[in-house]
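For reference, the structure discussed in these notes is given below.
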Amino acid sequence: MIAKLPRKLIEIANAEIGVEEVDGTNSGKRVKEYQATTSIGGTGWPWCAALICWVVKQAMEQLGIEETKTFRRPTTAAAWGFELWSLAQDNSTWTKKPTRGDIEPGDIVIFTFSHIGIATSSPDSIGYVSTVEGNTDGQGSREGGAVLAKRRHVSKIRSRIRFRI
């Protein structure tokens, strides 16, 4: 059974599928909302990590999970920066690198090509994980312009972060 926070992350991320940026600008009404949840200002920059920051913020608010002195929600705009964020938290998160295929629904997955998403499945029998990712496209680019459901092989996953709350 999926824990409460990971289940909520999946629910919120799935609801964002289909959101698109405006004309390849790394901007747009909803994209700006994602970017506003990070520690950097403005818009017009790659937003895959901003989507994940926004999803985590929404999930925490909906579940009534508050930040503490030892646990802060992510605000990094860098995919690989999520590893540093997680390692700086209390035991509310667990980072595993390399993953060796240890992926569960609701995990934040960080890819080897500086991209990030939320796992919506465990790996299938041939090693593919379903995800929701921002700023991607049908070809799987990390600069694609939409929130999409994707399938990625575990060999492309650099690390995973699992919430324990």
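Of the residues making up segment 95-132, those that are open to solvent by less than 10 Å² (accessible area, probe 1.4 Å) and assigned to a strand (DSSP E or B) are Ile108, Val109, Ile110, Phe111, His115, Ile116, Gly117, Ile118, Ala119, Val129, Thr131, Val132.
Every residue, every condition in (1) open to solvent by 60 Å² or more (accessible area, probe 1.4 Å); (2) assigned to a loop (DSSP other than H, G, I, E, B); (3) closer than 23 Å to Ala149 by Cα, yes or no:
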residue	(1), (2), (3)
Gly24	yes, yes, yes
Ala49	no, no, yes
Ile65	no, yes, no
Arg72	yes, yes, no
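Check segment 26-34 and report whether any residue there is of a type in the set (Gly, Ala, Ser) and surrounded by fewer than 19 Cβ atoms within 10 Å (Cβ to Cβ). Yes: one or more hits. Whenever a residue of segment 91-110 is over 22 Å from Ala13 (Cα atoms), its partners that are open to solvent by 70 Å² or more (accessible area, probe 1.4 Å) and not hydroxyl-bearing (Ser, Thr, Tyr), lying with C-beta atoms within less than 9 angstrom and at least six residues away or across chains, give the pairs Asn91/Arg164. The lone criterion from (1) open to solvent by 40 Å² or more (accessible area, probe 1.4 Å); (2) small (Gly, Ala, Ser); (3) at pLDDT 95 or above; (4) farther than 24 Å from Leu87 by Cβ left unmet by Ser155 is number (4). For segment 80-92, the condition holds for no residue, the condition being that it is exposed (fewer than 15 other Cβ atoms within 10 Å of the Cβ), more than 21 Å from Ser159 (Cα to Cα) and at pLDDT 95 or above. Residues that are of a type in the set (Ser, Thr, Tyr), modelled with pLDDT of 95 or more and touching a helix residue (DSSP H, G or I) at 6+ places or on another chain (Cβ under 6 Å) were ranked within segment 1-50; the one that is nearest to Ser130 (Cα to Cα) is Tyr34. Has segment 142-151 got at least one residue that is free of Cβ contacts under 8 Å to residues at least 60 places away in the same chain, exposed (fewer than 15 other Cβ atoms within 10 Å of the Cβ) and part of a loop (DSSP other than H, G, I, E, B)? For segment 142-151, residues free of Cβ contacts under 8 Å to residues at least 60 places away in the same chain, exposed (fewer than 15 other Cβ atoms within 10 Å of the Cβ) and part of a loop (DSSP other than H, G, I, E, B): absent.
Rundown of residues vs (1) closer than 25 Å to Asp137 by Cβ; (2) hydroxyl-bearing (Ser, Thr, Tyr), yes/no style:
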residue: Thr43; (1), (2): yes, yes
residue: Pro46; (1), (2): yes, no
residue: Ser86; (1), (2): no, yes
residue: Trp94; (1), (2): no, no
residue: Gly101; (1), (2): no, no
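Residue-level check: of (1) in contact with a His (Cβ under 8 Å, 6 or more places away or on another chain); (2) free of Cβ contacts under 8 Å to residues at least 12 places away in the same chain; (3) not charged (D, E, K, R), Ala79 misses just (2).
What do you reckon, is Ile165 among the β-branched types (Val, Ile, Thr), in contact with a Ser or Thr (Cβ under 6 Å, 6 or more places away or on another chain), open to solvent by 60 Å² or more (accessible area, probe 1.4 Å) and over 27 Å from Gly28 (Cβ atoms)?
Values: among the β-branched types (Val, Ile, Thr): yes; in contact with a Ser or Thr (Cβ under 6 Å, 6 or more places away or on another chain): yes; open to solvent by 60 Å² or more (accessible area, probe 1.4 Å): yes; over 27 Å from Gly28 (Cβ atoms): yes.
Yes.
Can you work out which of the residues in segment 1-22 that are in contact with a Gly (Cβ under 6 Å, 6 or more places away or on another chain) and closer than 12 Å to Asp107 by Cβ is surrounded by the most Cβ atoms within 10 Å (Cβ to Cβ)? Residue satisfying both the conditions and the ranking: Leu9.
The values are calculated or read from the model by the stated rules, or taken from the named source; none is laboratory data. Worth saying up front: this structure is predicted, and the values here are computed from it rather than measured. Quick reminder, even Gly has a Cβ in these numbers, built from the backbone with ideal geometry, and neighbours come from all protein chains shown. Just so you know, the surface numbers come from the protein's heavy atoms only, side chains and all, with ligands and any DNA or RNA stripped out. Shrake-Rupley method; radii C 1.70, N 1.55, O 1.52, S 1.80 Å.
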